[in-house]
Amino acid sequence: MRKMLLAVLSRVLQSPAAAAAAAKPASRVMVASRNYADFANEATFEIKKCDLHRLEEGPSTTTVMTREEGLKYYKTMQSIRRMELKADQLYKQKIIRGFCHLYDGQEACCVGIEAAIKPTDHVITAYRAHGFTYTRGVPIREILTELTGRKGGCAKGKGGSMHMYAKNFYGGNGIVGAQVPLGAGIALACKYFGKNEICVALYGDGAANQGQVFEAYNMAALWKLPCIFVCENNRYGMGTSVERAAASTDYYRRGDFIPGLRVDGMDVLCVREATKFAAEHCRSGKGPIVMELQTYRYHGHSMSDPGISYRTREEIQEVRSKSDPITLLKDRMVNNNLASIEELKDIDVAVRNETEEAAQFATTDPEPPLEELCHHIYFNEPPFEVRGPNQWIKYKSGS
C-alpha cells in the first residue's frame, strides 16, 4: 500500500518538462509506424498550358498522378541525375574518355515521354542519349560500363557515350540532326507494317537549323507518318544561344504545315500529358506533329565545355533553384500527401548505392578483346574477314 501511494505522489509531482520527455518516445514510435494507408492514392495537379500551332485544342491543363506513378518518376529522374554526376566524376578521373554529353537538368523530358508511350513504340535521339537509354530499359550498370569502354556495356564497350541502343531504341547518333530523317524512316516502317506504333525523333535546338530536318518534315507530312518530332530546346547549341543562332526561336512552329506544341520541359507531368496528346494525334492517322520542350542542361555542351563562358553561374543557379524537375516533383508529392520526405530520402540513398555499385563494376570489368573488334558489323551473317590497319592484319567478323 505504501509503495502504491509513493508511485501516485511521484506522478503528481512530476514536472511538465519531464512529462514531455517521457512522451517523446511514444511520438517517435507513431511517426516511425506510418504506413502506406496514411498517403493519398492520387492527386490532381494544374500544369502549364501549351502554346499551339495549327491546333484548335491542346493537352489538358489538369492531370492526375497516382502515388505509384510519382514514386516511379522520382526514382527514375533521381537515377539519371546520379548516373550523370557519376559519369562527370569518372570523366574527370580520366576513366571515361572521348565525347561525353550529360543530361542532368533535362530528366523530365525523357521520363515524361517514356511515361506517355508504349514499350513497343520507337525512340531515336542525338548524342545526349544516356537518359533515354535508361528509360528504355538499360540499367545504370550497363550504361556506365559502356562509358568506360568495357565488355559488360550495353554496346559491348564499342559504342561509348554517343552510341547506346536497346529494344526499340536506335541511339545515340553522333552526326548533328542525322537521326531526324532516320526517325521518319522508322515511322514509315510503323505505317507500312500497320502495327499502330509511333516513332519519337528527338533533336536539339542546334540541330533544328539543319536542312535534313526540314526534308524529314516534308516527307513525314506528305505521307502522314506517325512521327513526333521533338526539339529539346535547352537554350544553347554548344556555346551559342538560340537567339544568336535562329531567326525564329519558335521551334514548335518550324514544321509550318505540321501542327506543333510548345511544352514546359522541366515539368514531368506537362511533358507526359503533351506526349500523350501528340501520340494520340499520330496514332489516329493525322500524320506527324512537332513538340518543342523548353528545358535546360546544367553541365556544358560536353565534358570539354565548362559551360560558363557563354552563360553565368547565376543563370544556372537560378534555373536550379526555381525550375529543377526533380525538386518540382518532390514538392508536389510531399505537399499533396503522396509521399513523405523520409521515404524520398530512402529512395535517394538506394539510388546512390546502386550508382556506386555500378561504377565499381564499370571500372573493374575487362575491356573487350582485340579479336572481337569487328564483331557485330552485321546481324545474323556468317563470319567473314575484315582488313585491319594494314593488309597483313585480318580480323574475323561475327554476329
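The values are calculated or read from the model by the stated rules, or taken from the named source; none is laboratory data. On a predicted model such as this, the values are computed, not experimentally measured, just so you know. Glycine gets a Cβ as well: all are built from the backbone with ideal geometry, and neighbour counts include every protein chain shown. For accessibility, only protein heavy atoms count, side chains too; no ligands or nucleic acids. Shrake-Rupley method; radii C 1.70, N 1.55, O 1.52, S 1.80 Å.
Output the residue which, of all residues in region 316-336 that are open to solvent by 40 Å² or more (accessible area, probe 1.4 Å) and of a type in the set (Asp, Glu), is farthest from the chain's Cα centre (by Cα). Show your work before the answer.
In the first step, residues of region 316-336 are kept if they are open to solvent by 40 Å² or more (accessible area, probe 1.4 Å); the result is 317-318, 320-323, 327-328, 330-331, 334-336.
The next check asks that each one be of a type in the set (Asp, Glu); those that pass are 318, 331.
Values: GLU318: 21, ASP331: 19 Å.
Within region 316-336, the match that is farthest from the chain's Cα centre (by Cα) is GLU318.
Within the group PHE361, PHE384, which residue is in contact with a Ser or Thr (Cβ under 7 Å, 6 or more places away or on another chain), open to solvent by less than 90 Å² (accessible area, probe 1.4 Å) and modelled with pLDDT of 95 or more? Give the steps one after another, and end with the answer.
On the way: PHE384 fails: modelled with pLDDT of 95 or more.
On inspection, the qualifying residue turns out to be PHE361.
For a quick check of your reading: which strands (runs of 3 or more DSSP E) sit entirely within region 196-272 and have at least 1 residues that are of a type in the set (S, T, N, Q)?
Values: elements: 199-204, 227-233, 260-264.
Output list reads 227-233.
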Which condition does ALA339 not pass, out of (1) exposed (fewer than 12 other Cβ atoms within 10 Å of the Cβ); (2) of a type in the set (A, V, I, L, M, F, W, C); (3) in a loop (DSSP other than H, G, I, E, B); (4) modelled with pLDDT of 95 or more, if it passes all the others? (1)
Would you pick out the residues in region 46-88 that are under 19 Å from GLU114 (Cβ atoms), open to solvent by less than 20 Å² (accessible area, probe 1.4 Å) and not in a loop (DSSP other than H, G, I, E, B)? THR63, MET65, GLY70, TYR73, TYR74, MET77, SER79, ILE80, MET83, GLU84
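For residues in region 350-399 being small (Gly, Ala, Ser) and not in a loop (DSSP other than H, G, I, E, B), which is farthest from the chain's Cα centre (by Cα)? Write out each step before concluding.
Here is the first cut: in region 350-399, the ones small (Gly, Ala, Ser) are 350, 358-359, 362, 388, 397-399.
Subsequent filtering for residues that are not in a loop (DSSP other than H, G, I, E, B) retains 350, 358-359, 362, 397.
Details: ALA350: 19, ALA358: 18, ALA359: 19, ALA362: 21, SER397: 34 Å.
Once the filter is applied, the top-ranked residue is SER397.
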In the list GLY300, GLY307, GLY287, which residue meets the criterion of being more than 23 Å from the chain's Cα centre (by Cα), of a type in the set (Gly, Ala, Ser) and within 27 Å of ALA126 (Cβ to Cβ)? GLY287
Members of region 228-256 that are open to solvent by less than 20 Å² (accessible area, probe 1.4 Å) and either closer than 23 Å to ARG272 by Cβ or modelled with pLDDT under 95 (or both): ILE228, PHE229, VAL230, CYS231, GLU232, ASN233, ASN234, TYR251, TYR252, GLY255
From the set of residues in region 263-284 that are more than 18 Å from the chain's Cα centre (by Cα) and open to solvent by 10 Å² or more (accessible area, probe 1.4 Å), which is nearest to LEU329 (Cα to Cα)? PHE277
